[in-house]
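Written out below as structure tokens is the structure these notes cover.
A short reminder: the numbers here are calculations on the coordinates, not readings from a lab. Note that the coordinates shown come from a computational prediction; the quantities given were computed from them, not determined experimentally. Cβ sites come from the backbone with ideal geometry, for glycine too, and all protein chains shown count toward neighbours.
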Amino acid sequence: MTEILEITKPLKIGYKRTCNCPDNHISCVNAKEWVKGMVTIQAFYYEGRDIRDKDTHPAVFPIALPAHFIKLLTHEGELVLDPFVGIGTTLVAAQDLNRNAVGFDLNEEYIKIAKKRLAQSRLVPGTQQIAIVDDAHNIPEYLEKNTVSLCITSPPYANMLNRPRLNKSIRGDLRNNDQYLKVQQYSNDPRDLGTMNHKQYAEALEEIYSAILPLMKPRAHCIININDVWWKNKRHLTHTYVIEALQKAGFEFRNTFIWDKRDLVNRVGIFGWPNNFISLGATMEYILDFWRPP
């Protein structure tokens, strides 16, 4: 059963491996699983436990995405961190895989949902998953140095959601749905990355990840799921802002993966036709991999 802990600073949460894997193995997967996992284009699908209601949260990745990297990059018993945990998908994946995990979010309602999901999920003995309402800048108050084996998240994509939704990627006769012309912003908190322009966004990421770096074990990986923003007929390269911010914070860029979302996109609109050559960004997302240099 997952233990319920009082929130203390620093947290009393496990971070050491509990498996019997060889010391030089990066994770518990076998060679066949490793080769399959290292394919750079991956399809991740939503399952019954995933929440896709945009009125609950405007952008939730499937449990399968963090689970994939938790399996590849950690051992059972180790500690996973999500600095922008939202409604707790990373924590659910960690719980399934017998990893300890902690996630932070500014939105108290999201954290309540995360805790409810953890209570309903399959419970594995001996691990802890903790959701905390707090600013990601304050993460060092909760975690000891050299304890995190994986940091994985899908942060807000700068101020992409801070405008009425026009549904341009959806077929014209279907655009007028429940989300049409809604502003689906995470919050109005000025600390929220989703309220910032790209320059402010990159500066905030650099500050946050500079503080996270010492918490990571040497050679521990940091995964960020992100996509670019198309706004006023211009592509804003969000993923390059993320790469630059993480490198300034002291992380080393290692790998790029692509989340192939083609099977998740249907009833698509005729995007850009007949005179504007614009790729349909909804069919893929970047998954950027960094590590704390040894």
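At a glance:
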read-out: Two-decimal Rg/Rh across the stretch 31-291, once Rg and the Kirkwood Rh are taken from alpha-carbon atoms; value: 0.95
read-out: Modelled label reach - Ala43, point 7 Å along Cα→Cβ, the stretch 246-265 residues with backbone N closer than 17 Å; value: 258-265
read-out: Ascending count of other beta-carbon atoms within 10 Å, so fewest first, for Tyr46, Tyr15; value: Tyr46, Tyr15
read-out: Value of [θ]222 nm, deg cm²/dmol, for the chain, DSSP H segments ≥ 4, -39500 (n - 2.57) each, nearest 500; value: -6500 deg cm²/dmol
read-out: Thr283 paired with Cys21, simple spin-label distance in nm, labels 7 Å along Cα-to-beta-carbon; value: 3.5 nm
read-out: Relative contact order %, the chain, counting alpha carbon pairs below 8 Å whose residues are six or more apart; value: 18 percent
read-out: Mean Cβ neighbour count within 10 Å, used as a protection proxy, ranking 138-151, 275-288, 24-37 highest first; value: 138-151, 275-288, 24-37
read-out: Under 27 Å from Lys36, Cα to Cα: lysines that are on another chain or at least 8 residues apart; value: Lys16, Lys71, Lys217, Lys261
